[in-house]
1. Could you identify the single residue in B:Val92, B:Val173, B:Val108, B:Val187 that is in contact with a Gly (Cβ under 7 Å, 6 or more places away or on another chain) and part of a helix (DSSP H, G or I)?
2. Can you say whether B:Arg243 is more than 9 Å from chain A (Cβ to nearest Cβ) and of a type in the set (Lys, Arg), as far as the supplied structure shows?
3. Which of the following residues is of a type in the set (Ser, Thr, Tyr) and buried (at least 21 other Cβ atoms within 10 Å of the Cβ): A:Tyr18, A:Tyr59, A:Tyr49?
4. Within the range A:60-87, which residues are without any contact (Cβ under 8 Å) to a residue 24 or more places away in the chain, within 22 Å of B:Glu253 (Cα to Cα) and assigned to a loop (DSSP other than H, G, I, E, B)?
5. Would you be able to say whether some residue in the range B:222-237 is farther than 25 Å from B:Ile159 by Cβ, outside the structural domain of B:Ser151 (by TED's automatic domain parsing) and of a type in the set (Val, Ile, Thr)?
6. When you go through (1) more than 27 Å from A:Val114 (Cβ to Cβ); (2) surrounded by fewer than 19 Cβ atoms within 10 Å (Cβ to Cβ) one by one for A:Lys139, which number turns out not to apply?
7. Just to verify a result, which residue in the range A:7-31, among those that are more than 26 Å from B:Gln227 (Cα to Cα) and not acidic (Asp, Glu), is modelled with the highest pLDDT?
8. In the set A:Arg52, A:Arg65, which member is more than 23 Å from A:Tyr16 (Cα to Cα) and over 18 Å from the mean Cα position of the chain (by Cα)?
Amino acid sequence: MNNNDLFTPANEFKYYKYGTTKYPNIIRFFDKTPQTIVCPHFFELNWGYGCRFDCAYCYLKGTLRGNTDPRYLPLKHILPCLKEAFKEISKPSIFNSGELTDSLNFPKVMERIVDEFETQDKHKLLLLTKSANVDFLLKKLRRQTIASFSINAPKVSDRWEKKTAPPIYRIESGKKLSDIGYTVRVRIDPIFPIENWKEEYGELVDLLLSKFTPERITLGTPRGLAKTLMFAKDLSWTKWFTEKTGWGKKLSTPLRKEIYLFFFDKLRESGFKNPVAICKETIDMWKILGKNPGRFPYWEDVKCNCVW
Amino acid sequence: MVEVKLISVDRVRPNPLQPRESFDKEKIKELADSVREAGLLQPLVVRKKGETYQIIAGERRWRALNFLKREKIPAIVWDVKDDTDALEKSVVENLHREDLTSIERENVITHLWESGKYKTYDELGKKIGKTRGTIENIIKAKRDRERLHASQSISSRTILDTVGLPDKERKEVVKRVECGELGTHKVRDFVRTIKKSPEPIRRAIIEDSLESEIVEEVAKIERPEIQRQVLKQAKKLSSEGVRDYVKAIKEREESEPILIKEAPVGILKCPVCNKKFKVIHQEPKGHKLVEVFS
């Protein structure tokens, strides 16, 4: 028997999978990253596939093999799976609804999912979005929902995130949610070393922190997964790649280090005291930065976007 | 050197290396009747071996004349170097006739090959008028027949059609042909279906002896979840029943989604290290416990 089949606390979650005969992977555990990449695994809530934002660097192009037209699952398939998962998964977990689509692409369905999470108080729903469409969330506070806004420097957004809401709108939406009591996280990902990147991103951080204080901030640099590169049409964002890692091509180690240190300093100087994490980075980079992420597969010391 | 002689029937001996292993008594009797009416139209081919003559071609004719209790028999006496040469000539005479069984053909060609006289299949093939591929296939069929314990009723073609499957599955296919559940003309399609099938279907073929028609029908189902569901019921269904069942599942899931889940259940003790592990099951009902060895 394969060791992977052994049920140990380390791989307990990977054995939970919920779906229907028509859509078998509605809730499943994300554990694709290798040991060399720090990524505390989480549950995916696959309530839709594809995204209308069509960002140039998005991994969905590869994951969905070029077919990123959004399509959403009927609620009658999603809700029973959620009910079953709530009943069976004893350890409080976070369900990431923005892994294969943008969480706020289809508010009509998402509103029902958000409300379903309110029927219990153990698990939380993570809304990961580049949208600013939060009207349905503003109707009332849902304590089991965490909003996570992915933002970027306006120049990057204009260049490679053409169909998304402008970063300032996303920050505004985050502020509105934060004001009424939602837990709001922010990820600045992918950070591109564009011309004058320190100024561009410095202004973004200033703008963000002038509006509200996120519960945590996760940083990330571009990741060129082989499949993404195969299906991406605009490859202008790949010109900075110099290194191959366990999770696709990346910027050079010194450049990534410079970027992260810049953000750590900038956030500290701005008085930001909540956790700051880096996304899908190599264990070597964590060590270079003088941080200890813990051990695979727990990564118990990492407080990043998709986990508690 | 070749000479034609009238030789005494009792000095003629059958060839122990004769390709044909079975002689139908009725057919011999029919041949004897025809010889009685019209005489022997074609002489035997023999070789001199000591004081006797060994048949190279024409054992049926010799048996018919024996049946008629004739004393003399016309024969062409060939000058043959050794046993292999005799067999070779005998093979050429018999091999191209359709009434030689698969097993007879396999035996004689393998015997010739194992005589060591030929370096390549090509060389042997040229000698007896067969292609290199045919020789290779026949020898492979002979080896596989022994390994698969296939009976004489199984043709070389059937054995070769199962190539590419593990032995366990090949045996199962051969068994089905032997008992008549699977027609020889369907073997190739069935094997192709098995090769394309996922593990649960392949398991059901061996463990549950799922009927070949049902297997074909279940393999047509595109979605593995439905396939798994149907497999559970497949033993109770006909092939038409499988189609209806799939239709019913699809109709039902449109109106009422059928939940499938995987979650850890049960605890099993490792017999080696005595550690306890929780064990997973893949199905919503009926826990399937996995043995744990660390």
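The values are calculated or read from the model by the stated rules, or taken from the named source; none is laboratory data. All values derive from a computational prediction rather than experimental measurement. Here the Cβ is made from the backbone with ideal geometry for all residues, glycine too, and neighbour counts use every protein chain on show.
1. Result: B:Val92 is the single residue among B:Val92, B:Val173, B:Val108, B:Val187 that is in contact with a Gly (Cβ under 7 Å, 6 or more places away or on another chain) and part of a helix (DSSP H, G or I).
2. yes
3. Among A:Tyr18, A:Tyr59, A:Tyr49, only A:Tyr18 is of a type in the set (Ser, Thr, Tyr) and buried (at least 21 other Cβ atoms within 10 Å of the Cβ).
4. Matches in the range A:60-87: A:Pro74 only.
5. yes
6. Going through the list (1) more than 27 Å from A:Val114 (Cβ to Cβ); (2) surrounded by fewer than 19 Cβ atoms within 10 Å (Cβ to Cβ), A:Lys139 breaks only (1).
7. The qualifying residue modelled with the highest pLDDT is A:Asn11.
8. Only one candidate qualifies: A:Arg65.
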